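The values are calculated or read from the model by the stated rules, or taken from the named source; none is laboratory data. This one's a predicted model, so the numbers in the text were calculated from it and none came from an experiment. A quick note on method: Cβ atoms are made from the backbone with ideal geometry, for glycine too, and the neighbour counts reach across all protein chains shown. These area figures cover heavy atoms from the full protein model, side chains too; ligands, DNA and RNA do not enter into them. Shrake-Rupley method; radii C 1.70, N 1.55, O 1.52, S 1.80 Å.
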Amino acid sequence: MWMAFLFGAVASAALVIGAFIGGRFTLPKRFLAIMLSFAAGMLITALSFELFQDAYERGGIWIAAVGLLVGAVVFTTLSALLDRWAQAGSDPTPADEYRGSAKLDTDAAAEGRPATAASVQGAAGLALLAAATLDGAPENLALGISISEGTGGVALLAAIFVSNLPEALVGAASMREQGRSLLQIMGLWGACAAVLVFAVVIGAGPLSGSDPEVVSFPLAFAAGAVIAALADTIMPEAYEHGGPAVALSTAAGFVLAFVLSLA
């Protein structure tokens, strides 16, 4: 159980680190895009070899396939609702028009880039905080399951850490643009981190002794949520603002996560 807590703390520490950076500093736009694409590459490996494959081996193709589709549908629906929430109260002009997910406003964290209306007047930061929690909960449950059964989980841990960092950074930057203090920002993201640590402990505890077919569904659900997050939020933003370099950073993230999965 202590190992599960340690893994959960490491994975969630990225939320606290990212929140601090986003609440205090601005970074080059291209660097943010490369961070996102590197995280995307690692998540592709994790969902393929740490989540969906494990779900298939435990419960068969039907449970794994249904779980993946349900996870994708649930995350896509919630993401669309969170995008609407992020824009609530804002009145975007054509210059502020945001192509992609309104909650992931990397301009708010970038040097010399004006934040969108969703960040300044809406609730983009809070929406991204909610998205990180909803997306992270099944991932961290899966991480706890893999730890308890001795199947590794190092690649999944690394993928969660790397993906949490830019999400928290951008979300905290949006909150900063709304006038929230650093203490408030750190408190909100710290609470999210605590919830996700608890999810790892639950995965390593009550879920670890469940029937393999029962465990298969949440693993596949997590894979579906990750696929939806990649397609809906992470990769569009990275490729729109990062240029050709993001293709290389995506490949680098994939390779690194694959090597870690062999450890």
Taking placed amide H atoms and a strict 5 Å upper bound, the residues 5 or more places from Leu27 or on another chain that come that close are Ala110, Glu111
Rounded to the nearest whole number, the Stokes-Einstein translational diffusion coefficient of segment 168-263 at 25 °C and 0.890 mPa s (Kirkwood radius, C-alpha pairs) in µm²/s is 146 µm²/s
Charge tally for neighbours of Ser48 with beta carbon under 15 Å away, counting Lys, Arg as +1 and Asp, Glu as -1, is -4
Expressed per residue, the solvent accessible area of segment 129-217 in Å² (1.4 Å probe) is about 33 Å²
Applying the gyration tensor rule to the Cα atoms of segment 43-85 (axes a ≥ b ≥ c; rounded if a/c under 1.5, else prolate if a/b exceeds b/c, else oblate), the class is oblate
With a 1.4 angstrom probe the carbon and sulfur portion of accessible area for segment 143-263, in percent, totals 73 percent
With Cα coordinates, the longest principal axis of the chain makes an angle with the long axis of helix 154-177, in degrees rounded to 10, of 20 degrees
With x for Gly and Pro, the residue-by-residue ³J(HN,Hα) of segment 16-25, computed from phi through the Karplus equation 6.51 cos²θ - 1.76 cosθ + 1.60 at θ = phi - 60° and given in whole Hz, is 5, 4, x, 5, 5, 4, x, x, 10, 10
Extend 7 Å from the Cα of Arg30 along its Cα-to-C-beta direction; within segment 232-263, residues with backbone N under 15 Å of that point are 239-249
One point scatterer per Cα, no solvent, Debye formula: log10 I(q)/I(0) for segment 209-263 at q = 0.16, 0.19, 0.25 Å⁻¹ comes out as -0.69, -0.84, -1.01
For Arg180, the accessible surface traced by a 1.4 Å probe with all protein chains present amounts, in square angstrom to the nearest 10, to 80 Å²
Under a 1.4 Å probe, counting only protein heavy atoms, Val259 has an accessible area in Å², nearest 10, of 80 Å²
In degrees rounded to 10, the 0-90 angle between helix 212-229 Cα long axis and the longest Cα principal axis of the chain is 20 degrees
Once both label points are put 7 Å beyond Cα along the C-beta direction, the Arg84-Trp2 separation in nm becomes 4.9 nm
Rounded to a whole %, the carbon-and-sulfur portion of the accessible area of segment 12-92 at a 1.4 Å probe is 71 percent
Charge tally for neighbours of Arg30 with beta carbon under 13 Å away, counting Lys, Arg as +1 and Asp, Glu as -1, is -2
With all protein chains in place and a 1.4 Å probe, Ile44 shows an accessible area in Å² (nearest 10) of 50 Å²
Descending accessible area (1.4 Å probe), largest on the left, turns Glu167, Glu240, Glu57 into Glu57, Glu240, Glu167
Helix 124-148 sits off the longest principal axis of the Cα atoms of the chain, rounded to the nearest 10 on a 0 to 90 degree scale, by 20 degrees
